[in-house]
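Here's the structure we're looking at; comments come further down.
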Amino acid sequence: MPDRDNVRATPEHIWKTHAKSVYDSTKDISPPTAYSGRTVRVRSNIMDSYAMLSNLLQRNNVRRELAKASRHEKKGVKRRRLASETWRRVFAHEVRNSVQLVAKIRSRGA
């Protein structure tokens, strides 16, 4: 086997080694299931995993959706609620961008 320091790293060689390492790291991954995206791995500290799961549930509004699903919501009411939530999210994003722009302009000394 040739010495690694003496071998010039050609793009083909780099590609081969990288592709092999990526293939080796992903070949044990099982195909996605209905629960794949909702899985939190538990390693040494269970509290960290629980906190990660809690954050994931909060970010995806799972508790709120579960509470909403406990009672029937009429189609028109749901449509208006979703439109309102979308508008609030878009408006908050635009306000955030405007505030950042004003802060950037002020930091320039204008």
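The values are calculated or read from the model by the stated rules, or taken from the named source; none is laboratory data. Keep in mind the model is a prediction, meaning the values are calculated, not measured. Counting neighbours? That spans all protein chains shown, and the Cβs are built from the backbone with ideal geometry, glycine included.
Below are the figures for this structure:
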| read-out | value |
| --- | --- |
| Residue in segment 58-78 that is surrounded by fewer than 10 Cβ atoms within 10 Å (Cβ to Cβ) and touching a Ser or Thr at 6+ places or on another chain (Cβ under 9 Å) present | no |
| Residue list for segment 1-22, restricted to those being modelled with pLDDT under 85 and exposed (fewer than 10 other Cβ atoms within 10 Å of the Cβ) | 1, 2, 3, 4, 5, 6, 8, 9 |
| Cross-chain or 6+ apart pairs with Cβ under 9 Å, segment 16-42 first and without any contact (Cβ under 8 Å) to a residue 40 or more places away in the chain, then among the small types (Gly, Ala, Ser) and assigned to a helix (DSSP H, G or I) | 30/36; 40/49; 41/49; 42/49 |
| Pairs where the first residue, in segment 73-91, is within 18 Å of residue 60 (Cα to Cα) and the second is surrounded by 11 or more Cβ atoms within 10 Å (Cβ to Cβ) and modelled with pLDDT under 95, C-beta under 8 Å, 6+ apart | 81/73 |
| Residue check, residue 38 surrounded by 10 or more Cβ atoms within 10 Å (Cβ to Cβ), charged (D, E, K, R) and modelled with pLDDT under 85 | yes |
